Structure formats: structure tokens, C-alpha cells
Amino acid sequence: MTLVDWVGTVGVFLMLLAYFLNASKKVTASSHTYLYLNLVGGSTACIASIMLEYWPFIILEVAWVLVTLVTIIKNAKN
């Protein structure tokens, strides 16, 4: 596997872990664990997409990270 493969795999794994934990009711969608797994996973997957220069996934991952950041900021204010 190349570096891009490893970076992308780590990012996708983190996002899937967050989803699995939420679906199995181990964490809520507003928990720090869920949000930070999505933030780091989305950022890492975005880096891999940038390395590949694959714009559809760059846009998707940037949106994923921005939505997560907005949620983290909203939670911090409450």
C-alpha cells in the first residue's frame, strides 16, 4: 500500500468507527468521541483526497469537516 492508501484508510476507518459506535448506541451524535472521530477521520480522508487530486471527495470531506466543526463550536457554547 502507498502512503495515500494508508492515509485514506486511517481516515475512513475513523469515520466508520464513529458511525459504528453511534449506531450501536455506545456514543451519541453529539458526544466528544463521535465528533472528534469524525473531525480527525474526515480531515485525514480529505488529505488523502488532496494527495490524489480527486475533487469530488475533497469537496465531500471538506463539507464533512465543516459540519463537524460547526457542531463542536455549537456544543462548546452550550
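At-a-glance table
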{"quantity": "Test for residue 9: is it in contact with a helix residue (DSSP H, G or I) (Cβ under 7 Å, 6 or more places away or on another chain) and either among the polar types (S, T, N, Q) or not in a helix (DSSP H, G or I) (or both)", "calculated": "no"}
{"quantity": "Residues that are assigned to a helix (DSSP H, G or I), free of Cβ contacts under 8 Å to residues at least 12 places away in the same chain and closer than 15 Å to residue 7 by Cα, drawn from the stretch 37-71", "calculated": "50"}
{"quantity": "Verdict on residue 52 being of a type in the set (A, V, I, L, M, F, W, C), open to solvent by 30 Å² or more (accessible area, probe 1.4 Å) and either out of contact with any Cys (no Cβ under 8 Å at 6 or more places or on another chain) or under 17 Å from residue 70 (Cα atoms) (or both)", "calculated": "yes"}
{"quantity": "Of all residues making up the stretch 37-49, the number that are open to solvent by 70 Å² or more (accessible area, probe 1.4 Å) and within 14 Å of residue 20 (Cα to Cα)", "calculated": "0"}
{"quantity": "Output for the stretch 16-36, where each listed residue is open to solvent by 30 Å² or more (accessible area, probe 1.4 Å) and assigned to a helix (DSSP H, G or I)", "calculated": "16, 17, 19, 20, 21, 22, 23, 32, 33, 34, 36"}
{"quantity": "Matching residues, the stretch 55-72, being among the β-branched types (Val, Ile, Thr), under 17 Å from residue 10 (Cβ atoms) and open to solvent by 50 Å² or more (accessible area, probe 1.4 Å)", "calculated": "none"}
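The values are calculated or read from the model by the stated rules, or taken from the named source; none is laboratory data. Since this is a predicted model, take the numbers as computed values, not measurements. All Cβ positions, even for glycine, are placed from backbone atoms using ideal geometry, and neighbour counts span all protein chains on display. When the accessible area is computed, the model is the full protein with side chains, heavy atoms only, and any ligands, DNA or RNA have been set aside. Shrake-Rupley method; radii C 1.70, N 1.55, O 1.52, S 1.80 Å.
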